[in-house]
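Some notes on the structure that comes next.
Quick note: the coordinates plus some simple rules give every number you see, no bench work behind them. Since we're looking at a predicted model, the values are computed, not measured. No Cβ is skipped: glycine too gets one built from the backbone with ideal geometry, and neighbour counts run over all protein chains shown.
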Amino acid sequence: MNTGAGDNSDNVNDLVAELGRLGYLEEGNTGRLLGVVMALAGEVFVVRAQQERLMRALQERGAVDAALLDAVGASAGMRQWLEQEEKTFGRSLLQPFLDPDITVNATHHMRSV
């Protein structure tokens, strides 16, 4: 899905590489925690871009009604969606801790002797 935002994967890859060079990713929990932070940051960025694009389109057409938005926000259907989304999002966000990578850490074999 195109969010209208530029692709910053090179910047993210550069940041992760730099953290690795500084030794921040050598301990297993640090890498998993970084995975949680990066997943959350990615979700937030995409949602903000989509929300901004939607609001601009609605404003241009005069279709935004603050009272209607408030009413929908307080509806039973919205509350039900939020409850389910919170569970799903929370689980996906904590995935690196809930289901850690079961592969063997072979980085010691990759270092030169």
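Worth pointing out:
- Debye, to nearest 20: dipole size of region 22-103, +1 on Lys, Arg Cβ, -1 on Asp, Glu Cβ: 240 debye
- For the pair ASN29 and ALA67, the difference between a 0.36 nm per residue extended length and the Cα-Cα distance amounts to 9.1 nm.
- Pairwise label distance in nanometres, ALA74 with GLU86, each label 7 Å out on the Cα-Cβ vector: 1.9 nm
- Our estimate of slack between LEU54 and ALA17, defined as 0.36 nm per intervening residue step minus the Cα-Cα distance, is 9.9 nm.
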